[in-house]
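Structure first, then comments.
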Amino acid sequence: MEIQLLETPYDPYALLRDFEMAPDHLGSHFGAASLFIGTMRDFNEGEAVESLWLEHYPGMTERELQKIAEEVRQTTPFERGLIVHRVGHIAPGDTIVLIGTWSCHRAEAMTATSKIVEALKHRAPFWKKEQRGAKSHWVEKNTPGSVT
Amino acid sequence: MSIHVRYFASLRETMGRMEERLSPDGLLTVSDVWKAVHQGQTLPDQPLCAVNMAYAKPESPVQDGDEVAFFPQVTGG
């Protein structure tokens, strides 16, 4: 599993292209790729959000993400995986997280990516602090990961 | 040696410090570490805790040289 924590904005599509073009990628040895891209909204709970501070626990973050990927892989096999996550100061429209898995068939890729997204949201030690006008506050919980 | 205690996010702001070092004497569990910096108060369901960068429970053992971290519910992604 390749894991990147980035302090500056990135283009997820350029990063994906480079990842798939890299010599150590799968070539044609996969039939499905499933991607999740999470972007910073300019609103939350009905209020405008001007920026975000994303804190993390260096060292534990990388370990936990690797652990999540290994656990998911045991039940939902995939060939390659990628997790990219921003930290530090983030502006509306910036990509926060990019998660991708590559596998032989679509079911494994789609399920693995979904499982990694949900596990990251609940276990990876990241914390968001929103700037709303003159006030800032820590986000206290995640939004639901499914619709009913 | 000592136990290195770290705080993150809103808890860091509440504590007014990001880290401290405690003598390991009498500190056998994560809960003991919390009590040592909170005048004997029991560790509540939140914050979450970790020992040496792995999730831990209040009853998880600690020893000299460990890094113990306390932090709120995570909100990444």
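Using a 10 Å cut-off on Cβ to Cβ distances, tally the other chain neighbours for every residue of A:124-130 and report the average as a whole number.
Numbers: counts 4, 12, 6, 11, 5, 4, 1.
Per residue, the number of nearby Cβ atoms from other chains is 6 on average.
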* **Structure-based [θ]222 nm, chain A - -39500 (n - 2.57) summed over DSSP H runs of at least 4, per residue, nearest 500** => -9500 deg cm²/dmol
* Structure fact -> So for segment A:2-133, using the alpha carbon gyration tensor with a ≥ b ≥ c as root eigenvalues (a/c under 1.5 gives rounded; past that, a/b versus b/c decides prolate or oblate), I'd call it prolate
* Asked: Which residue fluctuates the most in chain A, going by a Gaussian network model with Cα springs under 10 Å, if the choices are A:G100, A:G88, A:G46?
  -> A:G46
* Roughly how much accessible area, to the nearest 100 Å², goes out of reach of solvent when B and A pair up, both sides summed, probe 1.4 Å? -> 1900
* Structure fact -> Bridge orientation stat for segment B:1-69 from DSSP, antiparallel percent rounded to 5, came to 75
* What's the longest piece of chain A with no exposed trypsin sites (Lys or Arg not before Pro), counting a site as exposed if DSSP puts it in a loop and it has at most 14 other beta carbons within 10 Å? -> A:42-140
* Asked: Summing Lys, Arg as +1 and Asp, Glu as -1, what charge do residues with Cβ under 15 Å from the Cβ of A:P144 carry, A:P144 excluded?
  -> -1
* Within the set of other residues whose C-beta is less than 11 Å from the C-beta of A:M60, count the net charge using Lys and Arg as +1 and Asp and Glu as -1. => +1
* Asked: Which value, in Å² and to the nearest 10, is the accessible area of A:I37 when all protein chains are kept and the probe is 1.4 Å?
  -> 50
* What is the log10 of I(q)/I(0) for chain B, computed with the Debye formula using one identical point scatterer on each Cα and no solvent, at q = 0.16, 0.21, 0.24, 0.26 Å⁻¹? -> -0.50, -0.89, -1.18, -1.40
* Carbon/sulfur fraction of accessible area - the protein assembly as shown, other protein chains in place, 1.4 Å, % -> 52
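Given contacts defined as C-alpha pairs under 8 Å and at least six residues apart, what's the relative contact order of chain B, whole-number percent?
Relative contact order comes out at 40 percent.
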* Structure fact -> GNM on chain A, Cα springs under 10 Å; top mean-square fluctuation among A:D24, A:D94, A:D42 goes to A:D24
* **Per residue solvent-accessible surface (Å²) - chain A, probe of 1.4 Å** => 54
* Shielding by partners for A:56-69, please: the mean number of other protein chain Cβ atoms within 10 Å of each residue's Cβ. => 3
* Using just the helices of chain B, give the 222 nm mean residue ellipticity in deg cm²/dmol: DSSP H runs with n ≥ 4 each add -39,500 (n - 2.57), and the total is spread over all residues, rounded to 500. => -5000 deg cm²/dmol
* To do: Please calculate the 1.4 Å probe accessible area of A:W102, with all protein chains present, and give it to the nearest 10 Å².
  => 0
* Asked: If B:E67, A:E45 are ordered by their accessible area, calculated over protein heavy atoms with a 1.4 Å probe, which sequence runs from highest to lowest?
  -> A:E45, B:E67
* To do: At a Cα cut-off below 20 Å, give the lysines reachable from A:K128, other chains included and same-chain residues fewer than 8 away excluded.
  => A:K141
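The values are calculated or read from the model by the stated rules, or taken from the named source; none is laboratory data. Quantities reported herein were computed from a predicted structural model and do not represent experimental measurements. FYI the Cβ positions are ideal-geometry reconstructions off the backbone, even for glycines, and counts take in every protein chain you see. For the accessible areas, the whole protein counts, side chains as well, though only heavy atoms, and no ligand, DNA or RNA atoms are used. Shrake-Rupley method; radii C 1.70, N 1.55, O 1.52, S 1.80 Å.
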